[in-house]
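Please read the structure below before turning to the comments.
Each value in this text was obtained by applying a stated rule to the coordinates, not by laboratory testing. From a predicted model like this one, the values you see are computed outputs, not experimental measurements. No Cβ is skipped: glycine too gets one built from the backbone with ideal geometry, and neighbour counts run over all protein chains shown.
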Amino acid sequence: MNWDQTEIFEYSIPALIVVGTLVSGYIVRGILFRYLHRMAERTTWEGDDIVIAATRGPFLVWVLMIGIYAAVRASKFLPQEIKDGSHNVILGLAIFSVSLTTANILADLIRRSTIRAQVPTPGLIPNIIRISVIGIGTLAMLSTFIGFERIAPLLAAFGVGGLAVALALQDTLSNLFAGFYITLNKQIRVGDLLKLETGFEGVVVDINWRTTTIKDGSQNLVIVPNARLAQMTVTNFALPEPHMTVRINVGVSYKSDPNLVEKVLLDEAKRVMTEFEGFVPNSEPVVRFTDFADSSMEFALFLHIQDHKLNMPVQTEMRKHIYERFKQEGIEIPYPTRTVLMKTEK
């Protein structure tokens, strides 16, 4: 088959258009994004950095789509049906690519804004936004492929199939909707200190579509299904205020003077409050005589801290101070004792 120069040139035009568009797009991307980076450095808003980072990669893909579309339209050897169909295919792929990029940008913006505001956010929220935007983009892409009027029967078919899937995945869906409820209700948040009705106590690390992850004091992770957590009676020490009251129980001998014990506890509490940070400003320690136990008089010392993370460090320091001061004052911390009376019959 002999080709003359005219035919070779006409066949090479589409390839030259694609290559030329891609090279031009690479050069334009380098210049454009270098300028955008300089502009972003002058602003304090972190969102522009996220948008630039998310669009830098897809930019070449979009340029390549434009080049392919121009090459197909410029070709003299492709049938008109293919040229017309390529418009819908490229447009649908472009819509899906833009929706995917938009989903990543929105998810990153929410994650970055919550980190900057020092408000931990569960992983469920960015995933919901990402899935929603991608779902809308997928429907828009399908509308370009098969037409908007054909999507309604397709959605109806998906609805019937989705009902069957929902019946088979009841546990999974119950955990999913329980996760929605927990996240939107904001009564349990990432970073909150919880005490479950089972007695377990720990800090919420993450809330995803199926489970809630809680870290206990031993740094072990406990995975609780969302549906079970939503049905529990939960004590949230971070609500309504993050302030927390630390209670330290102390038992002393019945030979001790209760007034002296109270004075010693208050003195040591005030000393610890001056040596360490994290206590609620203008708060005062409180001592209460709580009980006459079998072998000791029971006292309770109450301190107010700003964050639950200081609970164990404060208790540790207070107990060390109390122990040393009790030795100096001669206040005895008794061992448990019990008196047994033996009765003999004649």
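Of all aspartates and glutamates in the structure, those lying under 19 Å Cα to Cα from residue 255, and not within fewer than 8 positions of it along the same chain, are 291, 294, 298, 324, 329, 332.
For the stretch 244-329, averaging the sequence separation of C-alpha pairs within contact (under 8 Å, six or more residues apart) and dividing by the residue count gives a relative contact order of 42 percent.
Charging the Cβ of each Asp and Glu at -1 and of each Lys and Arg at +1, and nothing else, the dipole of the stretch 189-236 about its Cα centre rounds to 120 debye. Of all lysines in the structure, those lying under 27 Å Cα to Cα from residue 186, and not within fewer than 8 positions of it along the same chain, are 195, 215, 309. Would you grab the residues whose amide H sits under 5 Å from the one on residue 246? Only those 5+ places off in sequence or on another chain, please, with H modelled 1.01 Å from N. Close amide H contacts, sequence-distant or interchain: 303, 304, 305. Only aspartates and glutamates eight or more places from residue 76 in sequence, or on another chain, were considered; those with a Cα closer than 14 Å are 7, 10, 84.
Each peptide in 296-309, 28-41 receives the mean, over its residues, of other Cβ atoms within 10 Å, and ordering these scores from highest gives 296-309, 28-41. Using only the Cα atoms of the stretch 201-346, build the gyration tensor, take square roots of its eigenvalues as a ≥ b ≥ c, and label the shape rounded, prolate or oblate: rounded if a/c is under 1.5, else prolate if a/b is larger than b/c, else oblate. Oblate, because a/c is 1.5 or more while a/b does not exceed b/c. Karplus-based coupling profile of the stretch 83-92, in residue order and whole Hz: 4, 5, x, 5, 4, 5, 5, 5, 5, x, with θ = phi - 60° in 6.51 cos²θ - 1.76 cosθ + 1.60 and x standing for Gly or Pro. Were the residues from residue 277 through residue 218 laid out at 0.36 nm apart, the gain over their Cα-Cα distance would be 18.9 nm.
Taking the Cα centre of the stretch 54-117 as origin and assigning +1 to Lys and Arg Cβ atoms and -1 to Asp and Glu Cβ atoms, the resulting dipole is close to 280 debye. Once the Cα-Cα distance is subtracted from the 0.36 nm per residue extended length, the residue 110 to residue 266 segment shows a gain of 51.6 nm. Rounded to the nearest whole Hz, the Karplus-based 3J(HN,Hα) values (6.51 cos²θ - 1.76 cosθ + 1.60, θ = phi - 60°) of the stretch 289-295 follow the sequence 7, 9, 6, 9, 7, 4, 10, with x at glycine and proline.
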